[in-house]
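Comments concern the structure below.
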Amino acid sequence: MKAIALIARFAVPALAFAGLALAQQSAATEYNYCSNATLTGSYAFQILGQILAPAPVAGPVSGVALTVFDGNGNLTQVDNVVHNGAVPVEDWRPAVGTYTVNGNCTGTFTFTPQPTNPQDAGPALALHFVVSRDGSKIYTTVTGSPNTPPFVAAITSVGFRLY
């Protein structure tokens with residue numbers, strides 16, 4: 001009887017631990033739907049929001065962008081963004097950047113504007129996103145700039161794969 005009680009005392013926690021390990025392994029593989037290859041091709045984005053601070057750059061933002069993801073973590077983009085009512089000097093401001101897609105279809109990307117007209121210069125931007133499993137739709141939010149003084153913004157965009 002003591003042997004059965006001893007086995008039960010150690011077997012139940014061991015089984016519980018094994019069950020927890022299997023659940024964690026299942027959860028890890030359950031969210032392995034996406035990768036950098038999920039974002040491949042051209043995406044049209046509608047951009048809406050505002051820069052809240054610092055005061056000199058605060059104001060509403062709206063625009064559109066065409067972003068091309070290569071499936072390997074690199075992107076190119078052209079955008080036309082109206083900031084605080086000021087129309088950009090350059091019709092389509094180019095940018096280059098990189099991105100990372102996590103297995104659970106979340107990710108980040110950064111891009112740096114490469115305007116041909118210095119008046120359209122802007123900071124590099126960092127964004128977080130969620131992409132659909134099939135890569136057809138992406139939701140983004142600007143989270144700041146990786147290499148300029150901090151700013152506070154509430155800028156979001158929704159993108160759709162064109163082709």
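Data overview
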quantity	calculated
Single condition residue 89 does not satisfy, out of (1) under 19 Å from residue 148 (Cβ atoms); (2) in contact with a helix residue (DSSP H, G or I) (Cβ under 7 Å, 6 or more places away or on another chain)	(1)
Residue in segment 108-125 that is most open to solvent (accessible area, probe 1.4 Å), counting only those that are more than 15 Å from residue 66 (Cα to Cα) and under 14 Å from the mean Cα position of the chain (by Cα)	108
Per-region count, segment 126-147, residues open to solvent by less than 50 Å² (accessible area, probe 1.4 Å) and more than 12 Å from residue 49 (Cβ to Cβ)	9
Residue satisfying all of: in segment 75-91; touching a residue at least 24 places away in the same chain (Cβ under 8 Å) and open to solvent by 70 Å² or more (accessible area, probe 1.4 Å); nearest to residue 113 (Cα to Cα) among these	89
In segment 43-66, the residues that are more than 18 Å from residue 153 (Cβ to Cβ) and either surrounded by 15 or more Cβ atoms within 10 Å (Cβ to Cβ) or free of Cβ contacts under 8 Å to residues at least 12 places away in the same chain (or both)	43, 66
Answer from 39, 125 - the residue that is of a type in the set (A, V, I, L, M, F, W, C) and free of Cβ contacts under 8 Å to residues at least 40 places away in the same chain	125
For residue 151: the one exception among (1) closer than 16 Å to residue 43 by Cβ; (2) at pLDDT below 95; (3) among the aromatic types (Phe, Trp, Tyr)	(1)
Any hit, segment 52-62, residues being at pLDDT 90 or above and under 17 Å from residue 129 (Cα atoms)	no
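The values are calculated or read from the model by the stated rules, or taken from the named source; none is laboratory data. Small disclaimer: the values here were computed from a predicted structure and weren't measured. Every residue, glycine among them, receives a Cβ derived from its backbone with ideal geometry; neighbour counts consider all protein chains shown. Ligands, DNA and RNA are stripped out before the accessible areas are found, and what is left, the full protein with its side chains, is counted by its heavy atoms. Shrake-Rupley method; radii C 1.70, N 1.55, O 1.52, S 1.80 Å.
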